[in-house]
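Following: one structure in structure tokens, then a few remarks.
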Amino acid sequence: MPEELLRVENLQVEFRSGLTTTKAVNGVSFTLNKKENIGIVGESGSGKSVTATSLLRLIPEPPGIISDGNIFFEEKDLLKLSKKEMRAIRGNEISMIFQDPSTSLNPVYTVGNQIIESIRTHEKISKKEAKQKAIKMLELVGIPSPEKRINMYPHEFSGGMRQRVMIAIALACNPKLLIADEPTTALDVTVQAQILDLMKNLQDEFNTAIIMITHDLGVVWETCDKVLVMYAGNVVESGTVEQIHDNPMHPYTWGLLDSQITESVNNDEPLPTIPGSPPDLSQEVRGCPFAARCPFAQDICFSKKPEMVETEDNHYVSCHFQTKDKRLDRKEQQNDRAIVKG
Amino acid sequence: MGKYIIKRIINMIPTLLIVAIIVFLITRMIPGDPAAVMLGPQASVQEVEKLTEELGLNKPLHIQFFDYIGNLLQGDFGNSLTYNQPIADLIMDRFPNTVILAISALIIAIMIGVPAGIISATRQNSILDYTVTTISLIGVSMPVFWLGVMLVLYFSVNLGWFPSTGMGSMDEGFFTFIRHLILPSLTLATIPMSQFARITRSSMLEVVSQDYVKTARSKGVREFIVICKHAFKNAFTPLLTVMGLQISSLLGGAVLTETIFSWPGMGLLIIDAIEKRDFVVVQGTVLFIALIFVVVNLVVDILYKVVNPKINYSSNKGGTS
Ligand SMILES: Nc1ncnc2c1ncn2[C@@H]1O[C@H](COP(=O)(O)OP(=O)(O)O)[C@@H](O)[C@H]1O
Ligand SMILES: [Mg+2]
């Protein structure tokens, strides 16, 4: 029986400025077991980063506010912890790495200083011991001659090496959960693969669960057990990697899958994209948030928000036309597109 | 680094030479015959002529100039006729007084201005932020002489807490010394304090939303350390620039403040010398102030390197793999 590590229930995050309220995250729920990997995918602006940063309660307040929901981490209700208790979790039990390694390390301190700081924030050990540990971490993430590199500044490292340093910082206190917000997006393709490999290897060693945020489904297929598809602050579909890969249900997920680069795609053909753009999150949407861009949308889609429905074991989708007895035909959409192109 | 410093010191020479030329020309262009002004209206024509000759003012301008530069190169700043003292001694008499005033003003400005700016930035758009922003805006536009006079009126004349003029010597006791120091320091500190608050606030605002600040928070670091260690050091460069300029000008003597409070520093010396047309003193002190500026400038440039490891003066070893 897998042990539950994190349970997020109906998370709602808003940004309030003046008279407008932007609902960046609108009722996200999911669970994550120990040592499990979950991928969060979706176009940019769909609320992936806000969801992730909310887990550590690090969204800027004001203007942000977690207006509703629960976050249970092991036995603890994170939204009820004091600031001090929350700090004891950050970097210790839950760590985070960010998209752009060129800005996520502090340029005026050596990488050693930054790793040691993380260690000494949570462990009562001497500077010397912490330094030894930092060197070991650098070695573990594949940085050559770590004794020398530890005294260097971030600008003396390449992008990939900096992301390795970030991983070293994040894993230094052996967290139970690592949140990786597009950890490879800013890197060269060859380096991307190395970083992903590294993360996979380290996960085995550290027994960490990972929340992998990405807009690259390829990364999800390679690294994750579960997937959460987000659109405009909502989860529109969730399930295991196999379910989402082999049997995607939501028209938005289809759009994402179709716009992936695959080997079979004919190079002459431009990649299909999802027409239109995400809705303005500061406006109240009555129906399905994707309706305006959905090729299958009917009247009901604009007037009533669809419920999350379990269509097979642990595979959830929120669409009026995807229930146990109603099914859309994905082929139809692809045929439509062929006609448009033809 | 050493090489860089030597290069910079050599580069100071032309700067100082240009200042020397400009000061020389300006002192010769001030209307009124220095000899006549020095001797006063009762002096006879013969006396004035005699003094003119003693001062060398009857020689052609270029000869005067080469005499002046020649003396400077031998370390001779000349002698003051009104004070009957070598300029170097005069400066060394007055400069410590200016330093005392400058340092205490600077301490006030830094101790209040910088934290105010940091707090203001971390609580952007709060009442506290508006208060700091408003006060510091008033502060930078405050006429110093008016402020000085108001402080004297209130604290010396009305309340009698502090003396209104002069400098207390240490011999009269530390307390007397401090009492004399407070009003002039406050007056002098107002503008730099407000400026530091404004610069600190704006550069902190740029920095607090950076990713590395978020990284620090995500490590569980205390907010106080996030702000003071991670954010502030990155926001420090613009502040350092402004501080350098302020330190130079404070050390150069606060003309207005020293005049209001009769503080026997460099500022008062210059004003006095200009009034008495003691052009030798004017030349010497202005050149000395220029020297302070270039030295402080150099120190600031070296400090940039300490604050920001990306600046590399000694070699152009770039990033490795
Ligand atoms: N600091 C902020 N202030 C105001 N709005 C924000 C802020 N951060 C994010 N948002 C809003 O939240 C939405 C979702 O952002 P984000 O989670 O970064 O998207 P993603 O990571 O999926 O690309 C954005 O469209 C934006 O409107
Ligand atoms: Mg994002």
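Could you check how many residues of region A:88-122 are without any contact (Cβ under 8 Å) to a residue 24 or more places away in the chain, within 7 Å of chain B (Cβ to nearest Cβ) and surrounded by fewer than 23 Cβ atoms within 10 Å (Cβ to Cβ)?
Residues of region A:88-122 that are without any contact (Cβ under 8 Å) to a residue 24 or more places away in the chain, as a first pass: A:103, A:113, A:116-117, A:120.
Then drop every residue that is not within 7 Å of chain B (Cβ to nearest Cβ), which leaves A:103, A:117.
Okay, now just the ones that are also surrounded by fewer than 23 Cβ atoms within 10 Å (Cβ to Cβ), so A:103.
Matching residues across region A:88-122 total 1.
Matching residues to (1) away from every other protein chain (no Cβ under 14 Å); (2) modelled with pLDDT under 90:
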position: A:PHE15; (1), (2): no, no
position: A:THR22; (1), (2): yes, yes
position: A:SER29; (1), (2): yes, no
position: A:SER44; (1), (2): yes, yes
position: A:PRO63; (1), (2): no, yes
position: A:SER82; (1), (2): no, no
position: A:MET86; (1), (2): no, no
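Could you tell me which numbered condition A:ILE210 fails, if it satisfies all but one of (1) more than 16 Å from ligand 1 (Cβ to nearest atom); (2) hydrophobic (A, V, I, L, M, F, W, C); (3) modelled with pLDDT of 85 or more; (4) assigned to a helix (DSSP H, G or I)?
Every condition holds for A:ILE210 apart from (4).
With the structure loaded, tell me whether B:ALA109 is touching a Pro at 6+ places or on another chain (Cβ under 6 Å) and touching a residue at least 40 places away in the same chain (Cβ under 8 Å) or whether it fails that test. Outline the logic, then answer.
Details: touching a Pro at 6+ places or on another chain (Cβ under 6 Å): yes; touching a residue at least 40 places away in the same chain (Cβ under 8 Å): yes.
The answer is yes for B:ALA109.
Per-residue answers, yes or no, for (1) out of contact with any Pro (no Cβ under 7 Å at 6 or more places or on another chain); (2) aliphatic (A, V, I, L, M); (3) closer than 26 Å to B:VAL295 by Cβ:
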| site | (1), (2), (3) |
| --- | --- |
| B:LYS3 | yes, no, yes |
| B:VAL23 | yes, yes, yes |
| B:VAL37 | yes, yes, no |
| B:THR52 | yes, no, no |
| B:ASN58 | yes, no, no |
| B:TYR68 | yes, no, yes |
| B:ASN71 | yes, no, yes |
| B:GLY75 | yes, no, yes |
| B:GLY78 | yes, no, yes |
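Restricting the search to region B:123-141, which residues are touching a helix residue (DSSP H, G or I) at 6+ places or on another chain (Cβ under 6 Å) and either surrounded by 15 or more Cβ atoms within 10 Å (Cβ to Cβ) or assigned to a helix (DSSP H, G or I) (or both)? Even if it seems obvious, please write down each step before you answer.
At the first step, the residues of region B:123-141 found to be touching a helix residue (DSSP H, G or I) at 6+ places or on another chain (Cβ under 6 Å) are B:123, B:129, B:132, B:136, B:139-140.
Selection gives B:ASP129, B:VAL132, B:SER136, B:GLY139, B:VAL140.
Please enumerate the residues belonging to region B:221-269 that are modelled with pLDDT of 90 or more, crowded, with 23+ Cβ neighbours inside 10 Å and not hydrophobic (A, V, I, L, M, F, W, C).
Residue satisfying the conditions is B:HIS230 alone.
Criterion first (within 13 Å of chain B (Cβ to nearest Cβ), farther than 30 Å from B:LEU303 by Cβ and surrounded by fewer than 16 Cβ atoms within 10 Å (Cβ to Cβ)) does A:GLU75 satisfy it?
no
Output the residues belonging to region B:195-217 that are open to solvent by less than 10 Å² (accessible area, probe 1.4 Å), under 16 Å from B:ASP129 (Cβ atoms) and either within 10 Å of chain A (Cβ to nearest Cβ) or not in a helix (DSSP H, G or I) (or both).
Selection gives nothing.
Can you tell me which residue within region A:40-70, out of those that are out of contact with any Leu (no Cβ under 7 Å at 6 or more places or on another chain) and in a strand (DSSP E or B), is farthest from ligand 2 (Cβ to nearest atom)?
A:ASP68
From the list B:ILE69, B:ILE100, pick out the single residue that is out of contact with any Asp or Glu (no Cβ under 8 Å at 6 or more places or on another chain) and open to solvent by 40 Å² or more (accessible area, probe 1.4 Å). Steps first, answer last, please.
Numbers: B:ILE69 fails: open to solvent by 40 Å² or more (accessible area, probe 1.4 Å).
Residue meeting the stated conditions: B:ILE100.
Provide a single number: the residues in region A:192-208 that are touching a residue at least 60 places away in the same chain (Cβ under 8 Å) and crowded, with 22+ Cβ neighbours inside 10 Å. First the steps, then the outcome.
Here is the first cut: in region A:192-208, the residues touching a residue at least 60 places away in the same chain (Cβ under 8 Å) are A:202-203, A:205, A:207-208.
Within this subset, residues satisfying the condition of being crowded, with 22+ Cβ neighbours inside 10 Å are A:208.
Qualifying residue count for the region: 1.
With of a type in the set (A, V, I, L, M, F, W, C), within 14 Å of another protein chain (Cβ to nearest Cβ) and free of Cβ contacts under 8 Å to residues at least 12 places away in the same chain as the only criterion, which of B:PHE224, B:PHE174, B:PHE236 stands out?
Numbers: B:PHE174 fails: within 14 Å of another protein chain (Cβ to nearest Cβ); B:PHE236 fails: free of Cβ contacts under 8 Å to residues at least 12 places away in the same chain.
Of the residues listed, the single one that is of a type in the set (A, V, I, L, M, F, W, C), within 14 Å of another protein chain (Cβ to nearest Cβ) and free of Cβ contacts under 8 Å to residues at least 12 places away in the same chain is B:PHE224.
Do you know which of the residues in region A:143-162 that are open to solvent by less than 40 Å² (accessible area, probe 1.4 Å) and away from chain B (no Cβ under 12 Å) is nearest to B:ALA216 (Cα to Cα)?
Within region A:143-162, the match that is nearest to B:ALA216 (Cα to Cα) is A:ILE150.
Suppose we filter region A:213-233 for residues that are at pLDDT below 90 and in a strand (DSSP E or B); how many remain?
0
Tell me whether region B:78-89 contains one or more residues that are in a helix (DSSP H, G or I), open to solvent by less than 70 Å² (accessible area, probe 1.4 Å) and modelled with pLDDT of 80 or more. Talk me through it step by step, then tell me what you get.
To start, the set of residues in region B:78-89 that are in a helix (DSSP H, G or I) comprises B:87-89.
This time we only want the ones that are open to solvent by less than 70 Å² (accessible area, probe 1.4 Å), so: B:87-88.
Among the residues that remain, those that are also modelled with pLDDT of 80 or more are: B:87-88.
Yes, region B:78-89 has at least one match.
Mind checking whether some residue in region A:315-323 is modelled with pLDDT under 75, surrounded by 12 or more Cβ atoms within 10 Å (Cβ to Cβ) and in contact with a strand residue (DSSP E or B) (Cβ under 9 Å, 6 or more places away or on another chain)? It would help to see each step written out before you state the result.
Filtering region A:315-323 for residues modelled with pLDDT under 75 gives A:322-323.
Now drop any that are not surrounded by 12 or more Cβ atoms within 10 Å (Cβ to Cβ), which leaves A:322-323.
Restricting the remaining residues to those that are in contact with a strand residue (DSSP E or B) (Cβ under 9 Å, 6 or more places away or on another chain) gives A:322-323.
Checked region A:315-323: at least one residue is modelled with pLDDT under 75, surrounded by 12 or more Cβ atoms within 10 Å (Cβ to Cβ) and in contact with a strand residue (DSSP E or B) (Cβ under 9 Å, 6 or more places away or on another chain).
Determine if region A:32-42 includes at least one residue that is within 9 Å of ligand 1 (Cβ to nearest atom) and small (Gly, Ala, Ser).
Checking region A:32-42: at least one residue is within 9 Å of ligand 1 (Cβ to nearest atom) and small (Gly, Ala, Ser).
Looking at (1) open to solvent by less than 50 Å² (accessible area, probe 1.4 Å); (2) modelled with pLDDT under 85, which is the only condition B:GLY117 fails?
B:GLY117 satisfies every listed condition except (2).
Would you check if A:ILE213 is within 16 Å of ligand 2 (Cβ to nearest atom) and within 27 Å of A:THR31 (Cα to Cα)?
On the way: within 16 Å of ligand 2 (Cβ to nearest atom): yes; within 27 Å of A:THR31 (Cα to Cα): yes.
Yes.
Within region A:40-60, is even one residue without any contact (Cβ under 8 Å) to a residue 40 or more places away in the chain, open to solvent by 30 Å² or more (accessible area, probe 1.4 Å) and more than 19 Å from the chain's Cα centre (by Cα)?
No, region A:40-60 contains no residue that is without any contact (Cβ under 8 Å) to a residue 40 or more places away in the chain, open to solvent by 30 Å² or more (accessible area, probe 1.4 Å) and more than 19 Å from the chain's Cα centre (by Cα).
For the condition more than 16 Å from ligand 2 (Cβ to nearest atom), open to solvent by less than 50 Å² (accessible area, probe 1.4 Å) and more than 19 Å from the chain's Cα centre (by Cα), what is the one hit in A:LEU81, A:LEU32?
A:LEU81
The values are calculated or read from the model by the stated rules, or taken from the named source; none is laboratory data. Note that the structure is a prediction, hence the values are computed from the model and not measured. Here Cβ is always computed from backbone atoms with ideal geometry, including for glycine, and neighbour counts include all displayed protein chains. In case anyone asks, the SASA skips ligands and DNA or RNA and just uses the protein heavy atoms, side chains included. Shrake-Rupley method; radii C 1.70, N 1.55, O 1.52, S 1.80 Å.
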